[in-house]
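One structure is given below, encoded as structure tokens.
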Amino acid sequence: MHLSPTTFYFDLGSPYAYLTAERLGGVLGGEAPSGGAFVWQPISLGGLFKANGRSSWAVGDRDTRQQGIEEVERRARAYGLPELRWPEPWPSNYLFAMRVATYAFQLGRGEAFTLQAFRDAFQHGRDLALPEHVLRSAEQAGVDPDAARAATEEAQVKQALRAATDEAHARGVIGVPTLAVGGELFWGDDRLTDAAVALRG
């Protein structure tokens, strides 16, 4: 897989990745991925955690989880985004959703699907562990839902997601959102501005 000079690694279960996706174009200069400035790369956060021996703050102790939720909501307000509506349950299993994302990028509809799915999850509170919610997002983004469902069972799509996750791990990615600018990694929604500075400098 060819690595773009700037790559946005994300998983649809991450609210911080949602915050980054909403701001990515504006902060990095508004260029679309098709312009070659950066690419959006879906990976499996569960697979990455397994490779790194880590886990999510959202499944830790109650206080850590609540603090994280409050911080996400505070940032969303600061960015002028709609009030968050958390899916129930959250987090859950996003493997199906990430395979659909992988397929959508193969069709050239990946960015549209990603933004739609993120908004459905964190603005409308839809659980993306449910295939019907994911396929609704796909249809709204111009991806045929029947084809998307079938693609999630294709070996090529499964392998593409697995390979992207393995490559992210090999590159040093330990979580999402991560922006890779050349050889430098910027992990976290709060590093987006730093990534922009590195990109321009």
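The values are calculated or read from the model by the stated rules, or taken from the named source; none is laboratory data. Model, not experiment: these values are computed from the prediction. Here the Cβ is made from the backbone with ideal geometry for all residues, glycine too, and neighbour counts use every protein chain on show.
Structure data summary
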item: Which listed residue, of ARG171, ARG126, ARG149, ARG162, is touching an Asp or Glu at 6+ places or on another chain (Cβ under 7 Å) and in contact (Cβ under 8 Å) with a residue 12 or more places away in the chain; result: ARG126
item: Hits in the stretch 152-201 - residues which are part of a helix (DSSP H, G or I), modelled with pLDDT under 95 and loosely packed, with under 14 Cβ neighbours inside 10 Å; result: THR193, VAL197, ARG200
item: Total residues in the stretch 59-81, condition basic (Lys, Arg) and at pLDDT below 95; result: 1
item: Criterion: part of a loop (DSSP other than H, G, I, E, B) and under 23 Å from PHE8 (Cα atoms) - qualifying residue of PRO82, PRO87; result: PRO82
item: Only one of LEU12, LEU107 that is within 20 Å of LYS158 (Cβ to Cβ), out of contact with any helix residue (DSSP H, G or I) (no Cβ under 7 Å at 6 or more places or on another chain) and at pLDDT 95 or above; result: LEU107
item: Every residue from the stretch 61-80 that is aliphatic (A, V, I, L, M) and either farther than 18 Å from LEU24 by Cα or touching a helix residue (DSSP H, G or I) at 6+ places or on another chain (Cβ under 6 Å) (or both); result: ILE69, VAL72
item: Filtered residues of the stretch 28-58 (kept if modelled with pLDDT of 90 or more and exposed (fewer than 13 other Cβ atoms within 10 Å of the Cβ)); result: none
item: Number of the exception - ARG65 against (1) over 18 Å from the mean Cα position of the chain (by Cα); (2) in a loop (DSSP other than H, G, I, E, B); (3) closer than 24 Å to ARG191 by Cα; result: (2)
item: Selection count, the stretch 129-146, where residues are assigned to a helix (DSSP H, G or I) and touching a residue at least 24 places away in the same chain (Cβ under 8 Å); result: 6
item: Single residue of ALA138, ALA147, ALA117, ALA101 found to be farther than 17 Å from SER44 by Cα, crowded, with 20+ Cβ neighbours inside 10 Å and modelled with pLDDT of 95 or more; result: ALA138
